[in-house]
Protein chains: 4
Amino acid sequence: MTGPAKSVRAPRPRAAARPPAPAAVATAVKGAPRNAREARGRARREAILSAALDEFSARGFAAARLDDVARRAGIAKGTIYLYFADKESLFQELVRAMAAPLIANLEAFAGDDVPFASALERLVDLLLREVIGTRRKDVIRLIIAEGPRFPALAQFYHREVLERVMVSLRRLAQRAYERGEIRHRALVDFPQLLAAPVVVAIVWNGLFETIAPLDARALLQGHLDVILDRRSEP
Amino acid sequence: MTGPAKSVRAPRPRAAARPPAPAAVATAVKGAPRNAREARGRARREAILSAALDEFSARGFAAARLDDVARRAGIAKGTIYLYFADKESLFQELVRAMAAPLIANLEAFAGDDVPFASALERLVDLLLREVIGTRRKDVIRLIIAEGPRFPALAQFYHREVLERVMVSLRRLAQRAYERGEIRHRALVDFPQLLAAPVVVAIVWNGLFETIAPLDARALLQGHLDVILDRRSEP
Amino acid sequence: MTGPAKSVRAPRPRAAARPPAPAAVATAVKGAPRNAREARGRARREAILSAALDEFSARGFAAARLDDVARRAGIAKGTIYLYFADKESLFQELVRAMAAPLIANLEAFAGDDVPFASALERLVDLLLREVIGTRRKDVIRLIIAEGPRFPALAQFYHREVLERVMVSLRRLAQRAYERGEIRHRALVDFPQLLAAPVVVAIVWNGLFETIAPLDARALLQGHLDVILDRRSEP
Amino acid sequence: MTGPAKSVRAPRPRAAARPPAPAAVATAVKGAPRNAREARGRARREAILSAALDEFSARGFAAARLDDVARRAGIAKGTIYLYFADKESLFQELVRAMAAPLIANLEAFAGDDVPFASALERLVDLLLREVIGTRRKDVIRLIIAEGPRFPALAQFYHREVLERVMVSLRRLAQRAYERGEIRHRALVDFPQLLAAPVVVAIVWNGLFETIAPLDARALLQGHLDVILDRRSEP
DNA sequence: GATGAATGAGACTTCATTCAT
DNA sequence: GATGAATGAAGTCTCATTCAT
């Protein structure tokens, strides 16, 4: 009499439950009450996304239960459907929402004209602070784990995040090569080599954190030693 | 993800993956017939594992259906349970079975006394041929994706595979450092840095193979350029 | 007998039969709506228990299908699981629920100071009216049939029902013996002898009602003749 | 490609897997080898029935597994089908086989002309020795528990066993009444009253043997005290 | 005759999704 | 808007029965 469950395996496009962003501008129109309602709505949405990240990270997409997401967010199960069209939308919007603030800052770090070593040091800092040290690493884990089942999401992530990151890294490497700071073009052709240890750190600790944790900072510093061919103290 | 009911029965031991190996000697006694049955059993088991790898890779553990595994293996649903206790066991034994032949060869490659560059070249060849070019890469993807939900499996993989790989890589790097082939200890402290691009290649192509494939061979060669600080042609 | 699969999830507490009773007081606060929902819930629960009694009686625990229980209760299969953790819980709670109202009245009948014959006549009436004439006899049949597979249930029934019945019957017999209404202590030592024909009536009619029905009332009256050593009309 | 499972709930008549009894006469025809083969067959059949009684008693008809029956009988699962048409036939033949030797002796005990008290004492002895003290009590338990689902079996048991027992008990009671050994006709009208404590003992110990065992001998002796209105020692 | 691997219908349980309140 | 009871499709696992060896 009500309705059956949509299967995990036949993803169908759904109407986004809600316009991508309620636009802060509109809030001024009807003043406080409207504002309050919207603020409440945004907070709920955040709460759901946050809870969803926890649950999806802990169990994976298929095994995560919206019941648990709701409980963790402190709302009723049905409420999720006021904010997201379905489980899959929730997942995809989660990834997009976490990526959004990152995208804004992406092109920045390769812009200025500092020595390669300094740029890399700052990059490592940034990655440790903004990715590995935050829930963003969990999003990356999720994308790695679930991406193959969500081609649209993978494509989005590639286009909106990785492609831009690659462009910036490539520009960085290009300048370093031109200046003679590095002697090979490998990092220009494959900026992924610059980021590889970050992936390793995230994947490794996702699997082995409890049995053999990997010190991400030390790993990344070691990586810089290799790239910059720094001599170790004897 | 779902599963059958709590039974009234007293729990009894399950089809524990089958006795390790009925000893080739005994088979000679009664000859072919016994052998044939055993061979058939082994073949079935292989077929199930192969089908399972396909399905688990395509959908992930939770979303894969044993029905599909059976169909792909050309057997009936129930037959799976003659060879594996349940879905989880099938998954874990799949990973273990794929890891087994690898484990034997692991310590070999770091043994002899060749120049670092040659050793790395051979290592790259080995990885391309034996991992990235085979279904083993799919197993690694599976471990990365599902490992967090299967701590026992992650632990197994760490202990039986990665730990040994790390030891070998570390020995390699250690010798290279002592001979002055590299100037830094980073690769000794973090052999993961040597393997990082392999992880990246597997993860990247798992996600983006159709939209932006990454040439694993070129990537690994570039990585050697970086590590060995080779000069690029101008 | 069958049942779902061992899940990846961490096991979580189940729908533990529902909080004992939300306290009638609290319902007054928010009035009708809350009351209505609760009433509906209670009614559903009753309907499920009633349907379950029918199905378990007709087929036995193992062969009864929850599908049929649901259909008979006029609900969907899944709804059962909102009220009971699983098939076994449903069965056990069914027995407990049917026993509960009886337990309250159990100690009463042996309390007052009437002649043994009158007490027995009243007891016979009570048993015919409240047990043999109701579905309670079906519950007793179920316990006899399935009890050996549900030790916890058997224990519960012994402790909460039979033990109390036995105590009351023994007190009755004890008084009768002291007053000289009976000449032997057998009924004091084995109050089961007083109740034996009830068991026989239930078991007999459970098996042979259609081919050789046993008149329970006449049987019990005959039993009184024996116990009280009444002379038959010639 | 092979065959599905027959449901518990749509019992259909099957060809008896084998003529009721292999007739000892025929064995003489071909001499020893034939004899040996037949003996072996009979032994197998016995072993299966014995194992089946154990399993059916322990789990009930529906939950018992032929796999376990086979294992317990020391044979392969398929072998059961050489001796019995299906699970249901096995169950029914089990009950019939256990009843058979009893049936032969049933009319005997009421035949001779002894005092009622002596006849009852002998009857009690017989029941303790031949029923309660043997696996026959388990068969009775099985009939009580499963009979409602096997009308043909219930009918058989009523006709072949209980009806005859009732006739004999009634004759006994009739004579006792005529001789003035008892003053009431209740036992003539309801011979079940004579047997009631046996049923109680079997049912009670089936349920509560571990938590509150009932001394069957003492119970039956007490019953005689009641029936014969014997005075207890003060 | 005996075996036991294989089959596949069937039953329990889960959970995404809906909708009356 | 929010709730959470209800739905029912879907998936795992079991086991009676068959049949090639």
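The values are calculated or read from the model by the stated rules, or taken from the named source; none is laboratory data. Keep in mind that this is a model prediction, so the values were computed, not measured. Note: ideal-geometry Cβ built from the backbone for every residue, glycine included; neighbour counts use all protein chains shown.
In contact with a helix residue (DSSP H, G or I) (Cβ under 7 Å, 6 or more places away or on another chain) and farther than 22 Å from residue C:48 by Cβ: which single residue out of C:149, C:164, C:141 fits that description? So that I can check it myself, show each step before the final result.
Values: C:149 fails: farther than 22 Å from residue C:48 by Cβ; C:141 fails: farther than 22 Å from residue C:48 by Cβ.
Answer to the check: C:164.
With the structure loaded, tell me whether residue A:91 is at pLDDT 95 or above, outside any helix (DSSP H, G or I), within 22 Å of residue A:154 (Cα to Cα) and touching a Phe, Trp or Tyr at 6+ places or on another chain (Cβ under 6 Å) or whether it fails that test.
Values: at pLDDT 95 or above: yes; outside any helix (DSSP H, G or I): no; within 22 Å of residue A:154 (Cα to Cα): yes; touching a Phe, Trp or Tyr at 6+ places or on another chain (Cβ under 6 Å): yes.
Considered against the rule, which asks whether it is at pLDDT 95 or above, outside any helix (DSSP H, G or I), within 22 Å of residue A:154 (Cα to Cα) and touching a Phe, Trp or Tyr at 6+ places or on another chain (Cβ under 6 Å), residue A:91 comes out as no.
Which residues, counting only those in the range A:176-191, are within 29 Å of the chain's Cα centre (by Cα) and surrounded by fewer than 18 Cβ atoms within 10 Å (Cβ to Cβ)? Steps first, please.
Within the range A:176-191, the first condition is being within 29 Å of the chain's Cα centre (by Cα), and the residues that meet it are A:176, A:185-191.
Scanning the range A:176-191 gives a single hit, A:185.
What's the total number of residues in the range B:39-86 that are closer than 24 Å to residue A:60 by Cβ, touching a Lys or Arg at 6+ places or on another chain (Cβ under 7 Å) and part of a helix (DSSP H, G or I)?
9
Say whether the condition of being buried (at least 16 other Cβ atoms within 10 Å of the Cβ), within 21 Å of the chain's Cα centre (by Cα) and modelled with pLDDT under 95 is met by at least one residue in the range B:112-123.
There is at least one residue in the range B:112-123 that is buried (at least 16 other Cβ atoms within 10 Å of the Cβ), within 21 Å of the chain's Cα centre (by Cα) and modelled with pLDDT under 95.
Kindly evaluate residue C:61 against the criterion of being within 10 Å of DNA strand E (Cβ to nearest atom), more than 14 Å from chain D (Cβ to nearest Cβ) and crowded, with 18+ Cβ neighbours inside 10 Å. Quick ask: steps written out before the conclusion?
Numbers: within 10 Å of DNA strand E (Cβ to nearest atom): yes; more than 14 Å from chain D (Cβ to nearest Cβ): no; crowded, with 18+ Cβ neighbours inside 10 Å: yes.
For residue C:61, the condition - within 10 Å of DNA strand E (Cβ to nearest atom), more than 14 Å from chain D (Cβ to nearest Cβ) and crowded, with 18+ Cβ neighbours inside 10 Å - is not met.
Taking the range D:52-75 on its own, how many of its residues are over 16 Å from residue D:143 (Cα atoms) and in contact with a helix residue (DSSP H, G or I) (Cβ under 6 Å, 6 or more places away or on another chain)? Spell out how you get there, then give the answer.
Within the range D:52-75, the first condition is being over 16 Å from residue D:143 (Cα atoms), and the residues that meet it are D:65-75.
This time we only want the ones that are in contact with a helix residue (DSSP H, G or I) (Cβ under 6 Å, 6 or more places away or on another chain), so: D:66-70, D:72-73.
Residues that pass the stated criteria total 7.
Considering only the range C:13-56, state which residues are over 20 Å from residue C:67 (Cβ atoms), modelled with pLDDT of 80 or more, more than 13 Å from DNA strand E (Cβ to nearest atom) and small (Gly, Ala, Ser).
The one that is over 20 Å from residue C:67 (Cβ atoms), modelled with pLDDT of 80 or more, more than 13 Å from DNA strand E (Cβ to nearest atom) and small (Gly, Ala, Ser): C:43.
Go through the range B:196-234 and report how many residues are exposed (fewer than 14 other Cβ atoms within 10 Å of the Cβ), closer than 15 Å to residue A:226 by Cα and either more than 8 Å from chain A (Cβ to nearest Cβ) or modelled with pLDDT of 95 or more (or both).
We begin by selecting, within the range B:196-234, every residue exposed (fewer than 14 other Cβ atoms within 10 Å of the Cβ); these are B:209-211, B:213, B:215, B:218, B:231, B:233-234.
Next, from what is left, pick out any that are closer than 15 Å to residue A:226 by Cα: B:231.
Checking the rest, the ones that are also either more than 8 Å from chain A (Cβ to nearest Cβ) or modelled with pLDDT of 95 or more (or both) come to none.
Qualifying residue count for the region: 0.
Identify the single condition in (1) away from every other protein chain (no Cβ under 14 Å); (2) crowded, with 19+ Cβ neighbours inside 10 Å; (3) at pLDDT 95 or above that residue A:81 does not satisfy, given that it satisfies every other one.
Every listed condition holds for residue A:81 apart from (2).
Can you tell me which residues in the range B:177-195 are in a loop (DSSP other than H, G, I, E, B) and more than 7 Å from every other protein chain (Cβ to nearest Cβ)? Break it down into steps so the answer makes sense when it comes.
Within the range B:177-195, the first condition is being in a loop (DSSP other than H, G, I, E, B), and the residues that meet it are B:179-185, B:190-191.
Once the filter is applied, which keeps residues that are in a loop (DSSP other than H, G, I, E, B) and more than 7 Å from every other protein chain (Cβ to nearest Cβ), the range B:177-195 yields B:179, B:180, B:181, B:182, B:191.
Condition check ((1) out of contact with any Ser or Thr (no Cβ under 8 Å at 6 or more places or on another chain); (2) closer than 17 Å to residue A:143 by Cα; (3) charged (D, E, K, R)) across all residues:
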| residue | (1), (2), (3) |
| --- | --- |
| A:163 | yes, yes, yes |
| A:171 | yes, no, yes |
| A:179 | yes, no, yes |
| A:184 | no, no, no |
| A:198 | yes, yes, no |
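Keeping to the range C:64-75, report how many residues are surrounded by fewer than 17 Cβ atoms within 10 Å (Cβ to Cβ) and within 8 Å of DNA strand E (Cβ to nearest atom).
Of the residues in the range C:64-75, 2 are surrounded by fewer than 17 Cβ atoms within 10 Å (Cβ to Cβ) and within 8 Å of DNA strand E (Cβ to nearest atom).
Tell me, yes or no, whether the range C:118-138 has at least one residue that is within 16 Å of DNA strand E (Cβ to nearest atom), over 30 Å from residue C:179 (Cβ atoms), free of Cβ contacts under 8 Å to residues at least 60 places away in the same chain and not basic (Lys, Arg). Break it down stepwise before answering.
Here is the first cut: in the range C:118-138, the residues within 16 Å of DNA strand E (Cβ to nearest atom) are none.
No, the conditions are met nowhere in the range C:118-138.
Report, by residue number, each residue of the range B:35-58 that is small (Gly, Ala, Ser) and within 14 Å of chain A (Cβ to nearest Cβ).
Initial filter on the range B:35-58 (small (Gly, Ala, Ser)): B:36, B:39, B:41, B:43, B:47, B:50-52, B:57-58.
The answer is B:57, B:58.
Quick one: count up the residues across the range C:77-108 that are within 16 Å of DNA strand F (Cβ to nearest atom) and of a type outside the set (Ser, Thr, Tyr).
So the count comes out to 11.
Based on this model, can you work out whether residue B:202 counts as under 22 Å from residue B:129 (Cβ atoms) and in contact (Cβ under 8 Å) with a residue 12 or more places away in the chain? Walk me through it before giving the result.
Numbers: under 22 Å from residue B:129 (Cβ atoms): yes; in contact (Cβ under 8 Å) with a residue 12 or more places away in the chain: yes.
So residue B:202 fits the description; yes.
Does residue C:94 count as crowded, with 18+ Cβ neighbours inside 10 Å, under 30 Å from residue C:170 (Cα atoms) and within 16 Å of DNA strand E (Cβ to nearest atom)? Before you say what the answer is, go through the steps one by one.
Values: crowded, with 18+ Cβ neighbours inside 10 Å: yes; under 30 Å from residue C:170 (Cα atoms): yes; within 16 Å of DNA strand E (Cβ to nearest atom): yes.
So residue C:94 fits the description; yes.
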